[in-house]
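Enquirer: Please see the structure below; I have some questions.
The values are calculated or read from the model by the stated rules, or taken from the named source; none is laboratory data. Only a predicted model underlies this, so the values are computations on that prediction, with no experimental measurement involved. Backbone-built Cβ (ideal geometry, glycine too); neighbour counts: all protein chains shown.
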């Protein structure tokens, strides 16, 4: 089977979309996340730290996805709540 230039271009476009995360997250690079209400607290009822993370979460630079609060066990990260 011979791959055409058109097929290569289509594959490249799909890879770019997947690699940037635009297709999956709905956010465009540089777009800010929505603001959270002032009265949001952590699950334990305490206020988040200065970075908006709850106890046990680390403020993590995730490159194009911005900063998120991530647990050290590698589970899902979340946007800071402040």
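Enquirer: For residues that are modelled with pLDDT of 80 or more and within 21 Å of the chain's Cα centre (by Cα), scanning just segment 16-47, find the one that is surrounded by the most Cβ atoms within 10 Å (Cβ to Cβ).
Expert: Taking the candidates together, the pick is 42.
Enquirer: If I filter segment 50-69 down to residues being assigned to a loop (DSSP other than H, G, I, E, B) and out of contact with any strand residue (DSSP E or B) (no Cβ under 8 Å at 6 or more places or on another chain), which single residue comes out as nearest to residue 82 (Cα to Cα)?
Expert: The residue in question is 50.
Enquirer: Could you grab me the full set of residues in segment 48-60 that are without any contact (Cβ under 8 Å) to a residue 24 or more places away in the chain and surrounded by 14 or more Cβ atoms within 10 Å (Cβ to Cβ)?
Expert: Hits for segment 48-60 are 49, 57, 59, 60.
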